[in-house]
Ligand SMILES: NC(=O)c1ccc[n+]([C@@H]2O[C@H](COP(=O)([O-])OP(=O)(O)OC[C@H]3O[C@@H](n4cnc5c(N)ncnc54)[C@H](OP(=O)(O)O)[C@@H]3O)[C@@H](O)[C@H]2O)c1
């Protein structure tokens, strides 16, 4: 098969593409950074992910399955989440025009057209575009990814390592059910070869409260800190101040809202196998040693 994976030089797309290359498939990528170092040694050819429909149609000719990881975590200038919804539509249209047969689309757990949060209504709109395309599809809905190159879990560890206290928005009793990036990649590969249309949550087996998770990370990396419950606004303010120093957007208001509304847990049985605790025990020396910057990843 010929398979296109968006973002094969970035995070989850790289793990998905790696599995497909190892299976001997012909893999190409659409990326906003075609000149980044190619981790596949040239085995994965890069095309621009620039949302020019005609250009993307040309790039996708001959592709059987498109695996789409594209999304933007927060608005920056004209690169907004509503724009990312339009961009996703263009990508889906281009796939259809190019003769792609199936789309494996990475969404998020608990998307909703009624959500006041652009991340969640945007993801619902994207799913609709995929389903209404008439192409065969699988939609995978992860919660929060971890596994070495992630942002959230790594940066929680980073702040625990560097600051004497950790601010928890609210009481920290809301849930978080992380999924390992390799488990998401396994589900994506399974979805590439399936012929069924389906929408599933892609979450790991552990469900913690946010406070429990931060506590576990702190204990395991040897940075046990007092966890102080503060009003969400104060936690966000602190995150904004720190953002100035790390030159990033550490946390967005909608991420805090989504987290506190229990949107990072699934109502379905877990499909990921990796236990967060095991991974943390194996990797504690490296987690959070360096800050993971979203801005550096996508705008540098
Ligand atoms: N990471 C998580 O914890 C998490 C949790 C739940 C759901 N998800 C979903 O899983 C999917 C993959 O996430 P990921 O973390 O693996 O993403 P990623 O690899 O960092 O990025 C995926 C793709 O989106 C593009 N992209 C990301 N931010 C962009 C921006 N600001 N402007 C333009 N293009 C941008 C990337 O472009 P380049 O190719 O140029 O890098 C790449 O092609 C996304 O749909 C995300 O919403 C992720």
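The values are calculated or read from the model by the stated rules, or taken from the named source; none is laboratory data. Here the structure is a predicted model, which is why all the values come from computation and not from measurement. Neighbour counts run over all protein chains shown; Cβ positions are idealised from the backbone, glycine included.
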Enumeration of residues in region 12-60 that are out of contact with any strand residue (DSSP E or B) (no Cβ under 7 Å at 6 or more places or on another chain) and under 17 Å from residue 189 (Cα atoms): 14, 15, 18, 19, 22, 23, 24
Pairing a residue in region 70-87 that is farther than 16 Å from residue 124 by Cβ and assigned by TED's automatic domain parsing to the domain that holds residue 122 with any residue that is modelled with pLDDT of 95 or more and near the ligand (Cβ under 6 Å from one of its atoms), where Cβ atoms lie under 7 Å and the two sit 6 or more apart in sequence or on different chains, gives 79/72
Somewhere in region 173-183, is a residue away from the ligand (no atom under 14 Å from the Cβ), more than 15 Å from the chain's Cα centre (by Cα), in a strand (DSSP E or B) and surrounded by fewer than 22 Cβ atoms within 10 Å (Cβ to Cβ)? yes
Output the number of residues of region 15-32 satisfying the condition of being within 8 Å of the ligand (Cβ to nearest atom) and over 17 Å from residue 103 (Cα atoms). 1
Determine if region 276-297 includes at least one residue that is loosely packed, with under 15 Cβ neighbours inside 10 Å, within 14 Å of the ligand (Cβ to nearest atom), outside any loop (DSSP other than H, G, I, E, B) and over 15 Å from the mean Cα position of the chain (by Cα). yes
How many of the residues in region 33-75 are within 11 Å of the ligand (Cβ to nearest atom) and in contact with a helix residue (DSSP H, G or I) (Cβ under 7 Å, 6 or more places away or on another chain)? 11
Please identify the pairs in which a residue from region 120-145 that is more than 23 Å from residue 94 (Cβ to Cβ) and in the same structural domain as residue 64 (by TED's automatic domain parsing) has its Cβ atom under 7 Å from the Cβ atom of a residue that is buried (at least 24 other Cβ atoms within 10 Å of the Cβ) and modelled with pLDDT under 95, counting only partners at least 6 apart or on another chain. none
Verdict on residue 80 being under 30 Å from residue 116 (Cβ atoms), in contact with a helix residue (DSSP H, G or I) (Cβ under 6 Å, 6 or more places away or on another chain) and within 10 Å of the ligand (Cβ to nearest atom): no
Over region 124-152, the set of residues under 12 Å from the mean Cα position of the chain (by Cα) and either away from the ligand (no atom under 14 Å from the Cβ) or in a helix (DSSP H, G or I) (or both) is 152
